Amino acid sequence: MTRLAAADRRAMLLDAALRVIARDGIAEATTRAITAEAGMPQSVFHYCFRSKDELLRELITVTVAELAGRAELPTHPLPDIEQSVRAGLHALWKAIIDPPDKQLVLYEITTYALRNPELADLARQQYAGYLHAATRSLTAWAEQAGVRWTVPVPILARLLVTVIDGLGLSWLTDHDSAAALAVIDQFAAHLATLAEPLTT
């Protein structure tokens, strides 16, 4: 095997874990299965990660950060808050379903963590990341459109995460993209009613 830097091996193992969990489920994501998927000897795993739980922690951290990073606001300011929110949510939705395997893996890891009290912080870390990204987006959308929210941003952030999270799970069951986008557009319209122009 070509000699690789530790960071490259870690990245390969994370990608392999994602594929194994998406294809076979988290119960089958053993260190043996992950290293086999990555084309590495099993002994390499423990040079990169202390345990499978450490790998899962990093998988959540990297994937949540990637989702947040890909949900970029449009380059040019849009004329009103509804259009700003809609554009942002469409960008986020594209990041969630492309590829869909990552979203499926995140749901499975969340359930796994919630069933193991010693790993409950994994789920908290995951959703704290979602809430942070939602808060950042809501704040940026409001600044971009020159409005302020009439509902506290932490509440709106939790509402946004709840809607998108539930929509993602629903989409994984039926892959009805037209229906999902219709929900997003309606949700953007609703959020717009919760904003008011800034006073000078």
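Summary of values
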{"quantity": "Difference of contour (0.36 nm per residue) and Cα-Cα distance, Glu54 to Leu198", "calculated": "47.3 nm"}
{"quantity": "Exposure rank, largest accessible area first [Ile97, Ile21; 1.4 Å]", "calculated": "Ile97, Ile21"}
{"quantity": "Residue-level accessible surface for Tyr112, protein heavy atoms, 1.4 Å, Å²", "calculated": "60"}
{"quantity": "Listed values (1) 1.04; (2) 0.98; (3) 0.93, entry calculated as Rg/Rh (Cα atoms, Kirkwood Rh)", "calculated": "(1)"}
{"quantity": "Cα→Cβ-extended label distance, 7 Å offset, between Arg115 and Ser177, nm", "calculated": "3.2"}
{"quantity": "Estimated distance in nm for a label pair at Glu108 and Gln42, the labels positioned 7 Å out from Cα along Cα-to-Cβ", "calculated": "2.0"}
{"quantity": "Theoretical FRET efficiency, 1/(1+(r/R0)^6), r = Cβ-Cβ of Ala6 and Thr162, R0 35 Å, to 0.05", "calculated": "0.40"}
{"quantity": "Solvent-accessible area of His46 with every protein chain in place, 1.4 Å probe, in Å² to the nearest 10", "calculated": "110"}
{"quantity": "The range 1-42: equivalent-ellipsoid semi-axes (sqrt of 5 x gyration tensor eigenvalues, Cα, Å)", "calculated": "19, 10, 7"}
{"quantity": "Local net charge near Leu119, Cβ-Cβ under 9 Å (Lys/Arg +1, Asp/Glu -1)", "calculated": "-1"}
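The values are calculated or read from the model by the stated rules, or taken from the named source; none is laboratory data. Bear in mind that the values here come from a model prediction, so they are computed numbers and not experimental data. Here the Cβ is made from the backbone with ideal geometry for all residues, glycine too, and neighbour counts use every protein chain on show. What goes into the accessible areas is simple: the full protein's heavy atoms, side chains included, and nothing from ligands, DNA or RNA. Shrake-Rupley method; radii C 1.70, N 1.55, O 1.52, S 1.80 Å.
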